[in-house]
Amino acid sequence: MNKKILQIFLLPVVSILLFSCSGNKPAGPSTTVPVNLYTVHMAPASYYDEYPGNVVALSQVDLRAEVEGYITAILFKEGEHVHKGQILYEIDQRKYKASYDQAVANVKVAQSNLDQAKKDADRYVYLNEHDAVAQQTLDHALTTLQNAKNQLTAANQDMVKAQTDLKFSTIIAPFDGTIGLSQVKLGTLVSPGQTILNTVSSDDPMAVDFVINEKQLNYFIKLQQRGNDASDSIFKMLTPDNAPYPYPGHIAVIDRGVDPQTGTTTIRTVFPNPMGGLRAGMSCTVRVHNQDTQAQLIIPSKAVVEQMGEYFVFISKDTVMNAPKDSKGPAPHLKAAQRKVQLGQAVGSDVIVKSGIEDGDQVIVDGVQKLHDGSVIMVAEKKPTAAAGSH
């Protein structure tokens, strides 16, 4: 019984050893990978740096009631363009109109009392000059005159207050802009300083804010110092659907400081909005045209391989360097050599390379997925090394 068990366990082991020995043959020659090459060259690059941005209104205000009462009229269409001074809401004006009329009447009474007190005082002053009236009577007349002046001042202040309350019962647009959805309906009781009726925001032009790294601050200061030119196209924009916005913008404000925690600051640009396509709160992409005119190394993006957050390319290397013409050795062949690169800005389907390769290198652009450092390669198809165009 023990022998049978031992045979059962030994048979698989022996089979594996025999299979391994039979398959231990010398490896064949390495496989040649067909590739296409691109000749690296220096060329001027025209491209845009892109930043996520948000559309904001240059002016925006919440409309609040300044007096208490019921909404008696809504005199606009929600979402429409309104003009400065346009009447938007009316709050029940009856009691404010009555208070104003009463204040006006009180002013008239106070004015009449003042006129009478002035006449009496003038008369007693004249009599006093001729010793025809007691000094006490004159003093009383002058005191009455002063009181009448004070009463007129108080009446005027009451009239101004009543007039202001009556004015605040009509809500007007503070500036030209777009009005939003009404937060109150007809008959709603509103409280002073608390109830938000609506929001009005300016709509042409519109601001677009985006954040930059502090290392870029000097560059944007120079752009701001250049001034604004209507024909300038340094600042462009992509709308949320990635469609190009038809009007260029200009830099308006650089925030006063840099956030010490993130090392960033905010740039505000301004774009015309004659068609009303930009709305406050929209997300967008700000494209800033790069003004660096120096020639740079540009290669197709498909030649770049990413590994663990680092970027590499493969270049073609001849395995027989400076071979004599009469050499009878093996014919030269090409191998792939891996190079670590530092990338710059993407330019359409190409990318700028800051370091890692040199002008004139042959970069492998097709077949990179099958390569490793030292892979034997062959040119599969001759393709023209066209220069990267402007984007």
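The aspartates and glutamates whose alpha-carbon is closer than 16 Å to the alpha-carbon of residue 108, local same-chain residues fewer than 8 away aside, are 158.
When only alpha carbons are used to place a centre, the range 85-134 and the range 255-312 end up 67 Å from one another.
Got a sec? Which residues in the range 190-215 would a label at residue 161 touch, if it sits 7 Å along Cα→Cβ and we count backbone N under 18 Å? Taking a point 7 Å out along Cα→Cβ of residue 161, the residues of the range 190-215 whose backbone N falls under 18 Å are 192-193.
For the range 363-370, 3J(HN,Hα) computed residue by residue from phi via the Karplus equation (6.51, -1.76, 1.60; θ = phi - 60°) reads 8, 7, 10, 10, x, 5, 5, 9 Hz, glycine and proline entered as x.
Ordered from highest to lowest accessible area with the whole protein assembly present and a 1.4 Å probe, 256, 64 read as 256, 64. With R₀ fixed at 51 Å, the C-beta to C-beta distance from residue 282 to residue 105 puts the FRET efficiency at about 0.40. Proximity of backbone amide H atoms, modeled 1.01 Å from N, is registered between residue 170 and 91 at under 5 Å, excluding neighbours fewer than 5 places apart on the same chain. Residue 349 sits with roughly 80 Å² accessible to a 1.4 Å probe, with DNA, RNA and ligands left out of the calculation. For the set 80, 358, the ranking by accessible area, highest first and with no ligand, DNA or RNA atoms included, is 358, 80 under a 1.4 Å probe. Accessible-area rank, largest first, for 159, 42, 308, 206: 308, 42, 159, 206, with all protein chains present and a 1.4 angstrom probe. Taking every protein chain into account, the 1.4 Å probe leaves residue 186 with about 120 Å² of accessible area, to the nearest ten. The figure for residue 289 is an accessible area of roughly 40 square angstrom, using a 1.4 Å probe on the protein chains alone. Just how many % of Cα pairs in the range 154-226 lie over 21 Å apart, if you round to the nearest whole percent? Value for the range 154-226 (Cα pairs over 21 Å): 59 percent.
The values are calculated or read from the model by the stated rules, or taken from the named source; none is laboratory data. Since this is a predicted model, take the numbers as computed values, not measurements. Using ideal geometry, Cβ is built from the backbone for each residue, glycine included, and neighbour counts are taken over all protein chains shown. The protein model used for the area step is the full one, side chains on, heavy atoms only, and it has no ligands, DNA or RNA in it. Shrake-Rupley method; radii C 1.70, N 1.55, O 1.52, S 1.80 Å.
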